[in-house]
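Reading through the structure tokens given below for one structure.
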Amino acid sequence: MQTAFATAPATMTVSTLLQDFANYNLWANTTLTNWLRTKPDENMTITIPSSFSSIRATLLHIWATEHYWLSMICQKEYNPIDTDHYEGDFESILDGLLETSERLVAFTDTLEDDAATGELFYDSPWVKGFRPLVQYGLHVFNHSTYHRGQIVTIGRGLGYKDAPMTDFNFYNFFAR
């Protein structure tokens with residue numbers, strides 16, 4: 001049994017919590033993509049029943065969603081990633097996901113508590129309203145965690161039994 005002693009930030013604030021989750025998200029996406037790079041590219045499009053039809057489709061969804069929420073919380077113009085017609089190779093999806101996750105870290109690193117707790121207006125076909133920026137950030141990180149789990153499950157369906165551990169507590173105690 002491994003034992004580790006990890007310490008929390010000296011002062012936990014809303015902004016440091018959001019920064020922590022952004023760094024965790026980048027670490028988990030990096031860990032997952034490094035694992036997937038050891039697998040044959042042709043297996044990334046094999047259909048396995050899940051929310052999305054394949055590892056590739058699920059990764060495109062994670063990337064597109066992180067990209068969307070990054071533009072929303074940064075209040076920048078949104079240029080969607082067309083996941084239905086994306087023609088890039090598998091490596092470009094992995095690179096795009098990691099680049100977007102890095103941008104989420106860079107953005108959260110600039111936040112002070114007043115900005116992290118400040119309310120942003122959200123206007124979508126599904127819902128309109130105000131919420132604190134921190135809630136949107138935690139949502140995107142939780143969403144990515146959910147779909148990373150699906151990728152591991154799809155991988156199990158492909159016979160992969162060596163998926164990496166990407167739990168938040170593992171990150172906190174062993175990966176920092």
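Does any residue in segment 107-120 that is of a type in the set (A, V, I, L, M) come within less than 6 Å, Cβ to Cβ, of a residue that is modelled with pLDDT of 95 or more six or more places away or on a different chain, and which pairs are these?
These pairs meet every condition: L111/S15; A116/V14; A116/S15; A116/L18; A116/L133; A116/V134; L120/L133.
Since T31 meets every condition but one in (1) open to solvent by 40 Å² or more (accessible area, probe 1.4 Å); (2) modelled with pLDDT of 95 or more; (3) closer than 24 Å to V140 by Cβ, which condition does it not meet?
Status for T31: all satisfied but (1).
Being among the hydroxyl-bearing types (S, T, Y) and open to solvent by less than 10 Å² (accessible area, probe 1.4 Å) is the filter; apply it to segment 82-105 and report the residue that is nearest to R148 (Cα to Cα).
Checked segment 82-105; the qualifying residue nearest to R148 (Cα to Cα) is S101.
So V127 fits all but one of (1) modelled with pLDDT under 95; (2) among the β-branched types (V, I, T); (3) surrounded by 11 or more Cβ atoms within 10 Å (Cβ to Cβ); what number is the exception?
Looking at each condition in turn, V127 falls short on (3).
Can you name the condition, by its number, that F141 falls short on among (1) open to solvent by 20 Å² or more (accessible area, probe 1.4 Å); (2) closer than 20 Å to L98 by Cα; (3) aromatic (F, W, Y)?
(1)
For (1) open to solvent by 50 Å² or more (accessible area, probe 1.4 Å); (2) more than 28 Å from D123 (Cβ to Cβ); (3) without any contact (Cβ under 8 Å) to a residue 60 or more places away in the chain, each residue gets a yes or a no:
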residue	(1), (2), (3)
T38	yes, yes, yes
A57	no, no, yes
M72	no, no, no
N79	yes, no, yes
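The values are calculated or read from the model by the stated rules, or taken from the named source; none is laboratory data. Remember, predicted model here, so these are calculated numbers, not experimental data. Note: ideal-geometry Cβ built from the backbone for every residue, glycine included; neighbour counts use all protein chains shown. Surface accessibility is based on the protein's heavy atoms, side chains included, excluding ligands, DNA and RNA. Shrake-Rupley method; radii C 1.70, N 1.55, O 1.52, S 1.80 Å.
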